[in-house]
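Down below is the structure, laid out as structure tokens.
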There are 2 protein chains.
Amino acid sequence: MEREIIVKKRDAVATRAAILAAAHQRFLRESYDSVGLRDIAGDARVDVALISRYFGGKEGLFRAVVRHDDKPDIFREPKSVDELPAFLAQLVVEDADEDLEKRMEMFVIMLRSASSPKAGAIIRDLVHLDVLGPLSELIGGDQGEFRATMLLSILMGVGVLRTIMMVDGFAPTDDDMAECAERFRCLFAAALTC
Amino acid sequence: MEREIIVKKRDAVATRAAILAAAHQRFLRESYDSVGLRDIAGDARVDVALISRYFGGKEGLFRAVVRHDDKPDIFREPKSVDELPAFLAQLVVEDADEDLEKRMEMFVIMLRSASSPKAGAIIRDLVHLDVLGPLSELIGGDQGEFRATMLLSILMGVGVLRTIMMVDGFAPTDDDMAECAERFRCLFAAALTC
DNA sequence: CGACTAAGTCAACAGGTGTTGATTTATTTC
DNA sequence: GAAATAAATCAACACCTGTTGACTTAGTCG
């Protein structure tokens, strides 16, 4: 009986993508310092050395992860301030829409590794440029930056409690999901008008 | 010329306290995985081995840190729901009161290490028992838990943005600190009534 | 086919991690 | 003062970390 050997075609871009995907999943669940390159390499079924080769090192890999995927360009969409609360509420509550969920993942990755010295610097830049900037610009006014920070605080806080601290106080499981969304819409609106 | 030698008295409880204090400061600024026991030992001017001896290991030390200090018993004080928004706003904005600042430090420590596998478990327990429990009990009602989670989300979010992501959008430096506090009071009140 | 290049493998490195045992030193007790 | 006990030190341990260089293999082009 011959043993079946899986021969993987030699495809640089494919393995690069595999590494990137595996790293995304790992960084989504653990912090930068907790994740080892050998863990990622194992998931991607790839030799460890290839990571340092393709991405220049762990830091480069992390940078590639947070820049590559659907980055949190949530606030780059042409959206008026009026519909912002409802949009954000949907973003927080909604569970079905895969696209929105993908976008929230980037927030989780950022939250998880924000306290690591190396990853933190990368993340801080990303927050200022790609999130806080567009959001405060959208809101506008002299209090735009303040209110943008407030909105982002709520967003981050919900993310922290839910996915990192595993608090299930929001419980969008029941059919009262619409009610939950309405509550968040109200809260976001308050943050804008306070 | 005789070299001055500092002879440290052999005091178990004193060195234990020194280790605890050094660990507190380190965990306040970096994540559980980033901080090394040798860093802490160096700060406390103590041999590394003593840490594992006194606290049973790194995990035990971290547990001692988050349990020992002025734990976030913020919500254990007999406080009515009515004055809760103003109190939380003061907690967020106030910079002078050293006591409140000390209490917020525990939140930062929790946020920093929440994503580390080992420290995360310890923190999650702490959040549920010492923070979320009393807070939702204070608020009461069938929506108490939901609203408690909302309040804590804002609190956590502000902490994340400020001390970890280093976003200075709130800027309580100017004399408009009172205005800033009022904004937060309004936001917390909205979270309670939404 | 043969040469060339790109892709992947292997092993080892240098440095850091938390932890433990044996040892020495100081302090207290008889 | 001598014995006993607690406190602190030292050195080493396995283990894991990211990274690098040399090597082997697969795919391609002439």
Search the structure for amide H atoms under 5 Å from the amide H of residue B:32, placed 1.01 Å from N in the peptide plane, and list their residues when 5 or more places away or on another chain.
B:113
The farthest towards the positive end of the charge dipole of the protein assembly as shown, of the residues B:111, B:61, A:188, given +1 on Cβ of Lys and Arg and -1 on Cβ of Asp and Glu, is B:61
Calculate what fraction, in whole %, of the accessible area of chain A sits on carbon and sulfur atoms when a 1.4 Å probe is rolled over the protein chains.
49
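Per residue, what volume in Å³ does the Cα convex hull of region A:73-193 take up? Numbers along the way, then the final one.
Working: hull volume 12.2 nm³, N = 121.
About 101 Å³ per residue, rounded to a whole number.
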Which far-off residues, 5 or more places away or on another chain, put their amide H under 5 Å from the one on residue B:167, with H placed in the peptide plane?
B:162
Expressed as a whole number, the average count of other chain Cβ atoms within 10 Å around the Cβ atoms of B:28-40 is 3
Output field shielding_mean for A:143-156 (other chain Cβ, 10 Å radius) holds 6
Distance between Cα centroids, region B:9-25 to region B:113-151: provide it in whole Å.
30
Contact order normalised by residue count of chain B, Cα under 8 Å, 6+ apart, percent:
23
Quick one: helix A:144-159 against the long Cα principal axis of chain A, what's the angle to the nearest 10°, folded into 0 to 90?
60
At residue B:9, label 7 Å along Cα→Cβ: distances to the other copies, nm, ascending?
7.7
How tilted is helix A:58-68 with respect to the longest principal axis of chain A? Cα atoms for both, answer in degrees (0 to 90, nearest 10).
50
Excluding ligands, DNA and RNA, what is the accessible area buried between chains A and B, summed over both sides, using a 1.4 Å probe, to the nearest 100 Å²?
3900
7 Å along Cα→Cβ, label-point gaps from residue B:94 to other copies, nm, shortest first:
4.1
Inter-chain shielding metric for B:119-128, i.e. average beta-carbon neighbours from other chains within 10 angstrom, reads 3
May I ask you to order B:155-166, A:30-41 by the average number of other C-beta atoms within 10 Å around their residues, highest value first?
B:155-166, A:30-41
Note down the nm distance, to one decimal, between modelled labels 7 Å out along Cα→Cβ at residue A:12 and at residue A:83.
4.4
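Pairwise over distinct Cα atoms, reciprocal of the mean inverse distance: report the Kirkwood radius of the protein assembly as shown in Å, one decimal place.
That comes to 22.6 Å for the protein assembly as shown.
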What are the distances, in nm and sorted shortest first, from the label point of residue A:186 to the label points of the same position in each other copy, with each label point placed 7 Å from Cα along the Cα-to-Cβ direction?
1.7
Rolling a 1.4 Å sphere over the protein heavy atoms, what is the accessible area per residue of the protein assembly as shown, to the nearest Å²?
50
Treating the angle as unsigned and between 0 and 90°, give the value, to the nearest 10°, between the Cα long axis of helix B:12-29 and the longest Cα principal axis of chain B.
50
Would you please put A:127-133, A:17-23, B:98-104 in order of how densely packed they are, using the mean number of other Cβ atoms within 10 angstrom per residue and starting with the highest?
A:17-23, A:127-133, B:98-104
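Could you size up the charge dipole of chain A around its Cα centre, putting +1 on the beta carbon of Lys and Arg and -1 on that of Asp and Glu, and report it in debye to the nearest 20?
1260
The values are calculated or read from the model by the stated rules, or taken from the named source; none is laboratory data. As the structure is a prediction and not an experimental result, all values here were calculated from the model. Note that each Cβ is placed from the backbone with ideal geometry, even for glycine, and that neighbours are counted across all protein chains shown. All accessible areas refer to the heavy atoms of the entire protein, side chains included, with ligands and DNA or RNA removed. Shrake-Rupley method; radii C 1.70, N 1.55, O 1.52, S 1.80 Å.
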